[in-house]
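Contents: one structure, followed by commentary.
Since every read-out is calculated from the coordinates, none of them should be taken as a lab result. Please read these numbers as outputs of a predicted model, since none were measured by experiment. Don't worry about glycine lacking a Cβ; one is built from the backbone with ideal geometry, like all the others, and counts go over all protein chains shown.
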Amino acid sequence: MGSTAPSCDAYLFFYGETLLPHGVRAFLCTVALAYCFIGLSAITARFFKSMESITNHSREVVTNDPQTKTPIVKHEKVWNYTIADIALLAFGTSFPQISLATIDAIRNTGQLTAGGLGPGTLVGSAAFDMFPIHAVCVVMPRAGSMKKISDLGVWLVELFWSFWAYIWLYIILEVWTPNVITLWEALITVLQYGLLLIHAYAQDKRWPYVSIPLVRGERPEDWVPAEDASVDHDKNCDETSEILSSQNDDIADIFSIHSYNNTGYHHVPEKDIEESSKMELVAKNTHDDTYWLSIWRQQFVEAIMLESNEQRKIDSACLRFIIICWNSILAPWKILFAFVPPYQIAHGWIAFICSLVFITGIAYGVTKITDQISCATGVNPYVIAFTALAAGTSWPDLVASKIAAERQVTADSAIANITCSNSVNIYVGIGVPWLINTVYNYFVYEEPLYIDNAAGLSFSLLVFFATSVGCIVVLVLRRILIGAELGGPRLWVWVTSAYFMVLWIVFVVLSSLRVSGLM
């Protein structure tokens, strides 16, 4: 979809690479692309831990009991449930695609025609989120157990903005200004992300006139069961050490965004509050000066370890060998990402920002490798974008939704991550890159941004919209007939999962044929 084809004359990995046959170069690039996706998964694990630390941050609120007039200490979450799902969980899982699209836009700055790598990846990622991730989430609950959405109102709002995002994209591509994106269209696209946040928050708080009058189901205080809170889902990338394990009670699981560490309210004398606060502040200052350095140093120790203490106890020599080989493959990434500061610092914000920097760097490498694969194989970059790139960069979405579906007591976050990620893909992932290009073209050339092969992108949007309706209809039928969107009788679980995968195959095949000019 870009205006310029990648050149095969330049080498990417080593001098003399251009003398190799195209098949060999394509193989090397494919291996390198897969290794980038492994690195993306590794840094995403640290990204999620920092994000979880941010969302678990609570503030202490002291109020007076209306009857006894005694102080009451209450711990409140800084982040709202719904906003955390949209602004952090969905945005975080979509950031690989967003950074890739933004880099593609920056590379095309100065050209009147937009690049296709970003939009192709984001539309393909939306399809991967909607179908394969739903297919995985449906089978995650334990046999016979069922999990349903507790707040249908919030989900309907998120679903509306998700579908409207792709309707809006089709309108500006084919109806409003065909094959052209203006500055105002790009700006409106980005601003709609803010409208999504406001509308979702209004629905969560049940604001009059702007919210759907649906009663929220029972939402437990602990979204993650206490007996599962110590399970580590990231053993490959961040094994538990003695230093880190000493704070396992204070640090929730990396995907337990809705879990609480504070157990209700309690009465505390005012004098005790003041003295306790002073003692905690002194202890915290002396502790933090040395403790986080120990944790950071331990990250490098763990990065070079090929086996953890638990893995050494495994009796199977074959399994231990496989683990060592896998950790050897991960070692370069683990050493590199050990430079990310511990997420215990500053509520995780420093690690959050550093992780985004690393993700952006990997995304840049992915764009260069994809150019080489396209020129070596002759495959349309758009086809590579919404298949291989979409699946690879959507891995964080898959992992987040899978663990949420498996461990949380409702289906809200697992399904919200899917619908919200699709909205973020359009409003931010496509809107921001197009805004960058349209602003440049407006002030430099006084021209809009032209979309090469907009008909192919529009066709993919239509196919995606049609298949998405089929996906949502099945979820609604499961709610009516079975009583839950996820889980249930194993036969129907696997039938539903297979149906979602068929929808994804239909989307990929039809879109590939259209972009390739075969239909």
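Read phi for every residue in region 16-29 and hand back ³J(HN,Hα) as whole Hz from Karplus 6.51 cos²θ - 1.76 cosθ + 1.60, θ = phi - 60°, with x for Gly and Pro.
Result, ordered by residue: x, 4, 5, 7, 6, x, 4, x, 5, 4, 5, 5, 4, 5 Hz.
What is the gain in length, in nm to one decimal, between Thr70 and Ile353 on full extension, counting 0.36 nm per residue of separation less the C-alpha to C-alpha distance?
On the way: separation 283, 0.36 × 283 = 101.88 nm, distance 4.14 nm.
Value of the extension gain: 97.7 nm.
When you have a sec, figure out the Kirkwood radius of region 364-416 from all distinct Cα pair distances and drop it here in Å to one decimal? Before the final figure, lay out each step's value.
Values: mean 1/r = 0.0777 Å⁻¹.
With all distinct Cα pairs of region 364-416 included, I get 12.9 Å.
What whole-number distance in Å separates the alpha-carbon centres of region 29-58 and region 410-465?
Computed from Cα coordinates, the inter-centre distance equals 23 Å.
Please work out, to two decimal places, the log10 of the ratio I(q)/I(0) at q = 0.11, 0.17 Å⁻¹ from a Debye calculation in which every Cα of region 344-497 carries one identical scatterer.
With no solvent term, the Cα-only Debye profile gives -0.67, -1.29.
Testing the spin-label approximation: label points 7 Å from Cα along Cα→Cβ at Trp292 and Leu477. State their distance in nm.
5.3 nm
Report relative contact order for region 93-219 in percent, whole number only (criteria: Cα-Cα under 8 Å, sequence separation at least 6).
Once normalised by length, the contact order is 24 percent.
Over 10 Å intervals from 0, what percent of Cα-Cα pairs in region 430-516 sits in each interval?
All Cα pairs, binned at 10 Å, distribute as 15, 29, 23, 19, 10, 4, 0 percent.
Hand me the trypsin sites (Lys or Arg not before Pro) from region 77-157 located in a DSSP loop with no more than 16 other Cβ atoms within 10 Å, in residue order please. Don't skip to the answer; put the middle values down first.
Numbers: sites: Lys77, Arg107, Arg142, Lys147, Lys148; in loops: Arg142, Lys148.
Passing sites in region 77-157 are Arg142.
Normalising by the residue count of region 444-514, find the relative contact order in percent from Cα pairs under 8 Å and 6+ residues apart. Could you put the intermediate results ahead of the total?
Numbers: 25 pairs, mean separation 32.1, N = 71.
The normalised contact order for region 444-514 reaches 45 percent.
Using a/c under 1.5 as the rounded threshold, could you call region 79-142 rounded, prolate or oblate? The axes a ≥ b ≥ c are square roots of the C-alpha gyration tensor eigenvalues, and prolate needs a/b larger than b/c, oblate otherwise.
Oblate, since a/c reaches 1.5 and b/c is not below a/b.
State, to one decimal in nm, how far the label point of Ser145 lies from the label point of Ile167, with both points 7 Å from Cα in the Cβ direction.
3.7 nm
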